[in-house]
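So the structure is just underneath, and the comments pick up after that.
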Amino acid sequence: MARKVGKESDHDGKQSRGLQTEINPLLLSSNLNLIKEQYRNANPYLSTSTLRSNDKVTKRLERGLKFHEKGEVSSQIERQREEQRLEYERQKEQEILNKIRREKEQAETSAKIARGELPDTKVGEDKYIRRIEDVPEVEWWDKPYLDDQLNVLPKYQGGYEEESESDEEDEVPSIQYVHHPVPIKVHNPKPTTKVYLTKKEQKKIRRNKRKFEREEKETRIKMGLDPKPEPKVKLSNMMSVYENNQNITDPTQWEHTVIEQVEQRKRKHLETNMIRHEEAVKRRKESKKVELSTDNCCKVFRFKSLANPKIRFKLNTNSKQLALRGACLRVGDQGEGMIIVVGSEKSCKFFERLVLERIKWDEPFRDRATDTLIETPNNHAEKVWQGYLECSKFPRWFMKVCRDDLELKNTLRQFDAEHFLTDVSHT
């Protein structure tokens, strides 16, 4: 029994646990009501052990509650506001001082730029100034005269007579800057290449466009925005179109009605075409008037003979096709003459090429009256004058055969072109 009640300690000096643990003294007490009274109001689901000392809640409870005194927080806020106000005023004063300092520096800089002491960065003068790091201590042309310590060599230290008349201004270094043109980068937009569509693509675009317009028109008719078009009745489908009982009860009257509708549609079509044609002609006339009022390029030619009818036909036809104004005047059928043309620069250039290159003036021709071959070996044409006129009094193109030089001169005087005759006679 002594073995069960108590046991000696192990070799390490500790008591063994388990069933050999001693009983709690409270359990040995005979008064169990005292224990029940002690734990009557306790929560059986909470640990009754003492809270740990390092718990945050314990520390917070130990620290207790501390209340601010009346007016303490408001005074602290007022103090912070006052500090912020003073800091804002100091910053504002500092900004004003900085602004005054910057304006003063800008004024000084502008004055120096005006005097030429500083480069003007607005026009890019600073791009032509070398940096201080790039400026060598000695220029390459001075190195032969200096030693390693940048002193003048003895052989170049000879005495020189000083000039009596010395200009003090020469001793002052010149700091005037030269105004160089600043390279300007021109931002010209790149010319867009014009896209030319093939015939197939043009037809496809036109087909899609017409399809879209047709669908839009049909949609408006379905919504009731546009009235429904009348049926397009023809003699071939007059019995298929059902409008009323007329095509059944009186076919002859219905046939006359259909023929009248066909004639009306044809008449409307022709009227529309005529209006469109008149508008196109009107636009061409207006554009021609504008060209006539703005283009006054003039060229004057002199020829030796204009007896060949083929040459006369070419000159007359091309001048009318090119919408040129002017005159072709000659003295007699076989005599010399002159050509004056006024019009656009393009038309005058084409006419000049016709007269000087394309027409063969010395080509022989056959006279229709006598049926003889006439040769003109020395016949030629040359350009006498070209330029631009402020205004031209030639209303149209015409060709005229004058009896003598006086009639030719009077004809030119009518159109205020007598001075051209002087140019022709002097060449």
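The values are calculated or read from the model by the stated rules, or taken from the named source; none is laboratory data. Remember, it's a predicted structure, so these values are computed and weren't measured experimentally. All Cβ positions, even for glycine, are placed from backbone atoms using ideal geometry, and neighbour counts span all protein chains on display.
A few remarks follow.
- Restricting region 294-336 to residues that are small (Gly, Ala, Ser) and modelled with pLDDT under 90 leaves a set whose member that is surrounded by the most Cβ atoms within 10 Å (Cβ to Cβ) is Ser305.
- Filter result (surrounded by 10 or more Cβ atoms within 10 Å (Cβ to Cβ) and not in a helix (DSSP H, G or I)) within region 196-239: Leu197, Asp226, Pro231, Lys232, Val233, Lys234, Leu235, Asn237, Met238, Met239
- Matching entry among Glu83, Glu78, Glu93, Glu62 (being more than 40 Å from the chain's Cα centre (by Cα), outside any loop (DSSP other than H, G, I, E, B) and loosely packed, with under 10 Cβ neighbours inside 10 Å): Glu62
- Number of residues in region 213-230 that are within 39 Å of the chain's Cα centre (by Cα) and among the acidic types (Asp, Glu): the value is 3.
- Here Trp361 meets the list (1) part of a helix (DSSP H, G or I); (2) over 49 Å from the mean Cα position of the chain (by Cα) almost entirely, failing just condition (1).
- Selection of region 211-238 for residues being among the small types (Gly, Ala, Ser) and over 16 Å from Arg265 (Cα atoms) yields only Gly224.
- Test: residue in region 128-136 that is farther than 30 Å from Ile184 by Cβ, in a loop (DSSP other than H, G, I, E, B) and at pLDDT 85 or above: no
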